[in-house]
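A short worksheet on the structure shown next.
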Amino acid sequence: MTRKEIAQRIIGARRRASTEEVRVFAPANIALCKYWGKRDEELNLPVTSSLSVSLGHKGTEVQLSAGAQSEDIRVDGRPLAPESPLHTRLRAHLDLFRPAQESRFRLHIANNIPLGAGLASSASIFAALTRALDRLFGLELDPAALSILARLGSGSACRSIHRGFVEWHVGVADDGMDSFAEPLAGEWPDLRIGIVMVSAAAKAMGSRPAMRQTQRTSKLYESWPLQVANDLIALKEAIREGHFTRLGETAERNALAMHATMISSWPPILYWLPASVESMNKTWALREAGHEVYFTMDAGPNLKLLFEERSAAPAKEAFPEVDVIAPFAAADSR
Ligand code: PMV
């Protein structure tokens with residue numbers, strides 16, 4: 001099954017003439033239980049379910065129109081080099097919706113998070129682009145269909161279609177029509193996510209080849225699905241009951257388990273820099289001192305701290321550069 005066939009099946013005859021220009025925002029998301037490993041590389045079908053929280057106002061705004069002279073793709077004000085991997089992926093996503101082979105898009109992408117630094121920017125880019133294409137062509141797709149199409153661009157993008165806590169269902173179907181994300185009930189107004197930027201440089205290895213290498217060579221990967229199954233139960237319970245300790249401990253353990261599978265692959269994959277480890281030690285020292293601060297990490301060297309408002313002062317004191325996001329604050333729910 002190809003991506004083109006799936007997109008065709010979803011979009012079908014719904015496409016109308018494009019409107020002038022659309023502007024759409026989608027939030028980045030941070031997984032509390034990670035997606036690591038694919039059962040289908042073409043369709044970005046995962047080995048396990050995963051669970052994330054959206055980052056409120058941090059993410060991507062996409063401006064999109066059709067009928068351009070030539071494809072014009074810009075990221076944060078600069079033309080994107082046609083030979084860059086992101087350009088190729090964006091064009092492939094546009095191709096899924098392109099009305100005719102000769103039609104060209106003008107796509108301007110504005111991120112307020114650093115690109116490719118393990119801050120899930122591809123998730124918000126492909127979620128915003130999918131929503132923009134839906135609006136541009138008047139498709140009026142339901143959230144599950146939008147989530148499936150976003151997943152074809154980047155796996156974790158299927159979660160950025162929603163706000164708040166989101167679960168991406170693993171699904172069992174070969175065509176992936178049951179592998180999409182849905183929002184979970186539960187708001188957590190006091191929850192804070194602190195971005196600790198260790199390095200804004202693009203990561204050495206993208207998540208796609210890193211997942212492949214882990215799945216093929218890590219002995220520890222065998223235990224990953226069981227880890228995820230248990231962590232999903234614990235996280236959903238923690239969200240339902242507002243039990244922060246359970247949430248923080250589970251998220252931190254899940255992230256470390258994911259990194260353990262990477263470190264034990266061959267050749268080894270280590271995204272951590274010395275400053276990442278220093279920041280982990282600082283987080284553990286905060287907990288020793290009685291402040292409930294936890295961390296999670298993705299395919300990069302940066303940490304995302306998890307804490308509640310009551311621990312904001314000690315967290316900021318330990319990490320003066322931390323960028324604090326309130327995912328459930330009213331001002332963030334654009
Ligand atoms: O969707 P991708 O290919 O960018 O992979 C995301 C993988 C992690 O960020 C490490 C985990 C996750 O669930 O977001």
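The values are calculated or read from the model by the stated rules, or taken from the named source; none is laboratory data. Owing to the predicted nature of the structure, the values given are computational and were not obtained by experimental measurement. Neighbour counts are summed over all protein chains in view; Cβ atoms, including those assigned to glycine, are modelled from backbone coordinates with ideal geometry. When the accessible area is computed, the model is the full protein with side chains, heavy atoms only, and any ligands, DNA or RNA have been set aside. Shrake-Rupley method; radii C 1.70, N 1.55, O 1.52, S 1.80 Å.
As a calculated quantity, the FRET efficiency between D95 and M205 at R0 = 22 Å, using C-beta atoms, amounts to about 0.30. Here each label is just a point 7 Å from Cα along the line to Cβ, and for I233 and K4 those points are 4.5 nm apart.
When the Cα centres of segment 193-244 and segment 65-90 are compared, how far apart do they sit, in Å? For segment 193-244 versus segment 65-90, the Cα centre distance is 30 Å. Of R192, R91, R16, the residue with the greatest mean-square motion in the GNM of the chain, using alpha carbon springs below 10 Å, is R16.
Subtracting the Cα-Cα distance of L270 and E241 from their residue separation scaled by 0.36 nm leaves 7.0 nm. Shape annotation for segment 53-117: C-alpha extents along the principal axes are 37, 22, 18 Å, from largest to smallest. With a 10 Å cut-off between alpha carbons and a GNM built on the chain, which of T261, T217, T130 moves the most? Result for the chain, Cα springs under 10 Å: T217 fluctuates most. Using the crude model of +1 on Lys and Arg Cβ and -1 on Asp and Glu Cβ, and no other charge, please compute the dipole size for segment 75-193 relative to its Cα centre, in debye to 20. The dipole magnitude comes to about 560 debye. A Förster distance of 41 Å, applied to the separation of the beta-carbon atoms of E42 and D190, puts the FRET efficiency at 0.50.
Take the Cα of M177, step 7 Å toward its Cβ, do the same at E83, and the gap between the two points is 4.2 nm. Rg/Rh, computed from the Cα trace of the chain with Rh as the Kirkwood radius, has the value 0.96.
Across the accessible surface of segment 242-306, with the other protein chains kept in place and a 1.4 Å probe, carbon and sulfur atoms take up 62 percent. A simple spin-label model places the labels of S223 and D142 4.1 nm from each other, with each point 7 Å out along Cα-to-Cβ.
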